[in-house]
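Chemist: Have a look at the structure that comes next, please.
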Amino acid sequence: MADALLPRAWIMRALYLGLSVTLLFLHLLPLEHLPPKWAGPDLVMALTFAWAVRRPDYVPVLLVALVALWLDLMLQRPPGLWAALMVIGTQTLRNRAPSLRDLTFAAEWASVASTMVAITIANRVVLAILMVDQAPLGLSLMQLLSTLIAYPAVAIVSHALLGVRKRAPGDLDTAGLRS
């Protein structure tokens, strides 16, 4: 039985990597000639957190770190800071996942929202302490708000189309142990 679960985990990890690459590609496409008037959501963060809450084994820490570092480099952010904060946020949600399993979606959303707010504030504080140029506060808050609004859609798509569901109490994990 455990052998049947291992390939599914690897397939979902590859799917996470593919979705992250696709989202970055779409983000970098030059579709408009003028700067946008609003900051769009960070869909990779929403996807990572949705999967970390529902199936932590699909987003291992090393994969999250590599994807986030790659995004830092491609989006010309200070390398490593956002990646480290994403890893901390993912690990926080991974530790909360068993207690969130039996709660409602609103509790999951509140937990994810508090993590998103905390890492956004931490990012701005560290950049301010190091005196690094950063986006205006309004733009960062707009991106945070749009990511929080987009999270339910990402969670629904992950659940309905991609099959990323919360683990039931009697399910076996990848090591063959009951969760």
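The values are calculated or read from the model by the stated rules, or taken from the named source; none is laboratory data. Bear in mind the structure is a predicted one, so any value in this text is a computation, not a measurement. Reconstructed Cβ throughout: ideal geometry from the backbone, glycine too, with neighbour counts over all protein chains shown.
Chemist: Which one of these does Leu103 not meet: (1) at pLDDT below 95; (2) closer than 27 Å to Val21 by Cα; (3) not charged (D, E, K, R)?
Modeler: That leaves (2) as the condition not met.
Chemist: State all residues of the stretch 123-143 that are assigned to a helix (DSSP H, G or I) and among the aliphatic types (A, V, I, L, M); if no residue qualifies, say none. Write out each step before concluding.
Modeler: Keep residues of the stretch 123-143 that are assigned to a helix (DSSP H, G or I), which gives 123-129, 137-143.
Result: Val125, Val126, Leu127, Ala128, Ile129, Leu137, Leu139, Leu141, Met142.
Chemist: Moving to a separate point now. Mind checking whether some residue in the stretch 25-41 is under 21 Å from His159 (Cβ atoms), modelled with pLDDT of 85 or more and touching a helix residue (DSSP H, G or I) at 6+ places or on another chain (Cβ under 7 Å)?
Modeler: Yes.
Chemist: Which one of the conditions (1) in contact (Cβ under 8 Å) with a residue 60 or more places away in the chain; (2) closer than 20 Å to Leu43 by Cβ does Met86 fail to meet, given that it meets all the rest?
Modeler: Single failed check for Met86: (1).
Chemist: Something else now. Among residues belonging to the stretch 122-134 that are surrounded by 13 or more Cβ atoms within 10 Å (Cβ to Cβ) and free of Cβ contacts under 8 Å to residues at least 24 places away in the same chain, point out the one that is farthest from Met45 (Cα to Cα).
Modeler: Of the stretch 122-134, the ones surrounded by 13 or more Cβ atoms within 10 Å (Cβ to Cβ) are 122-124, 126-127, 134.
Checking which are free of Cβ contacts under 8 Å to residues at least 24 places away in the same chain leaves us with 124, 134.
On the way: Arg124: 16, Gln134: 19 Å.
My answer is Gln134.
Yes or no, residue by residue, for (1) of a type in the set (A, V, I, L, M); (2) in contact with a Cys (Cβ under 6 Å, 6 or more places away or on another chain); (3) within 24 Å of Leu141 (Cα to Cα):
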| residue | (1), (2), (3) |
| --- | --- |
| Arg13 | no, no, no |
| Ser20 | no, no, yes |
| Pro30 | no, no, yes |
| Leu34 | yes, no, yes |
| Leu43 | yes, no, yes |
| Phe49 | no, no, yes |
